[in-house]
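Contents: one structure, followed by commentary.
The values are calculated or read from the model by the stated rules, or taken from the named source; none is laboratory data. Quantities reported herein were computed from a predicted structural model and do not represent experimental measurements. Reconstructed Cβ throughout: ideal geometry from the backbone, glycine too, with neighbour counts over all protein chains shown. Areas reflect the complete protein model, heavy atoms only, side chains present, ligands, DNA and RNA absent. Shrake-Rupley method; radii C 1.70, N 1.55, O 1.52, S 1.80 Å.
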Amino acid sequence: MNKLKNYFKIIFIFIFIYLLFKYNNIVNKSVVDATYLWFKKVFPSLFIMFILNDIIINSNILNNFTKFINPIFNKIFNTFGNSSLSFLLSIISGTPSSAFILKEMLNNSSISINDANKLISFTYFSNPLFLYNILSNTFNKKITIKIILIHYITNIFIGLLFRKKDNNNNNKTIKNKSNINEINIIKLLPSSINKSINTLFMILGTIVFYMIITNLILNIFNINNLFNIFLRGIFEITQSLNLLNNLNYPSITKELMALSIISFGGLSIHTQVLSIINDTDISYKNFLIGRILHFLLGTITYIFIYYVIPC
């Protein structure tokens, strides 16, 4: 069985290399387009957020703020330590920043591995500004806000489903760092910049790879507009959400498509998260389960609101 898998891998690699040479112009254009997308959209928003997140986590700047929220948050989601900080920072930063935050907090012993494995399932938030700008191209303000709110609220439902997972001795691995004056932010800055740059180049690589795959498939096969959007959504959400406005379908169909694409996140996001947590004990399986639940619960909630509580 393992030999058969290896043969398939070898065949796939040779086919891929052949396609790279045959469709060299498409590959080159994909690399340029992906790099431009990364440089114009991804780098400006994530670079500073990665640095700020790292400084906040390692300097404990928000300790006085989160100490009031933690007891409530930990009670609701059955967590310990400074878990609420990861949730709040993820809302502001989006994904894959959430995985970066969990990794740094785990390394910093602000949360335990049990809590990190819970939080990875329900701290997936697409950046709200990014969502508002891209969804506004297709939907009116009311629908755009409704999609964003359901995307965010669904994470709370997922967190409640994961709260029963075992948390025995969770608090034994958590440091209590209350003296923020001991931390020199200036000394933290070079390390934070270095980690941010390394993570962003990894993100660039995944965006390039999946854009090449997507464009090769679309150029080899004759694919209609609807499947084109779904295919792009499987690999990377930005392009697919941009194309929704071109579909001649009822609004509810496009709304559910948008929510489904956002909820799953695309293989590009999945690969970025997996790369970030690769050298930790954080479970990618929990992230994947969270995205499946996100898709199911988000869709059910949206349909319920649309037909039962029209607004």
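If I stretch the segment between Ile252 and Phe221 completely, what's the gain in nm (0.36 nm per residue apart, minus their alpha carbon distance), one decimal?
On the way: separation 31, 0.36 × 31 = 11.16 nm, distance 2.84 nm.
Gain on stretching Ile252 to Phe221: 8.3 nm.
Relative to the longest principal axis of the chain, what angle (0 to 90°, nearest 10) does the C-alpha long axis of helix 113-122 take?
Roughly 50 degrees between the two axes.
Want the number for Lys164 to Phe65: 0.36 nm per residue separation, take away the alpha-carbon distance, what's left? Don't skip to the answer; put the middle values down first.
On the way: separation 99, 0.36 × 99 = 35.64 nm, distance 2.65 nm.
Result for the pair: 33.0 nm of gain on full extension.
Which entries in Lys5/Lys103; Lys40/Lys118; Lys9/Lys285; Lys75/Lys195; Lys141/Lys254 show an alpha-carbon gap greater than 21 Å? Display every interim value, and only then the final one.
Details: Lys5/Lys103 32 Å; Lys40/Lys118 33 Å; Lys9/Lys285 23 Å; Lys75/Lys195 33 Å; Lys141/Lys254 15 Å.
In this structure, Lys5/Lys103; Lys40/Lys118; Lys9/Lys285; Lys75/Lys195 lie more than 21 Å apart at Cα.
With a 1.4 Å probe and all protein chains left in place, how much accessible area per residue does segment 21-137 have, in Å²? Provide the component values of the computation, followed by the final result.
On the way: 4890 Å² over 117 residues.
For segment 21-137, the solvent-accessible area averages 42 Å² per residue.
Among 250-256, 295-301, how do they line up from the highest to the lowest mean number of other beta-carbon atoms within 10 Å? Don't skip to the end; give the middle numbers.
Values: 250-256: 14.7, 295-301: 17.1.
Packing order, densest peptide first, comes out as 295-301, 250-256.
For the chain, what is the relative contact order in percent, using Cα pairs closer than 8 Å and at least 6 residues apart in sequence? Walk me through the intermediate numbers first.
Numbers: 350 pairs, mean separation 73.0, N = 311.
Averaging sequence separation for qualifying contacts and normalising by length gives 23 percent for the chain.
Compute the angle between helix 97-107 and the longest alpha-carbon principal axis of the chain, please, reported from 0 to 90 degrees and rounded to the nearest 10.
With rounding to tens, the tilt is 40 degrees.
Here are some values of semi-axes √(5λ) of the Cα gyration tensor in Å: [x] 34, 25, 19; [y] 27, 23, 18; [z] 32, 21, 18. Which one was computed from this structure?
Answer label, from the structure shown: [x].
Give the carbon-plus-sulfur fraction of the accessible surface of the chain in %, rounded to a whole number; probe 1.4 Å, heavy atoms of protein chains only. Before the final figure, lay out the partial values.
Working: 10550 of 16130 Å².
The C+S portion of the solvent-accessible surface of the chain is 65 percent.
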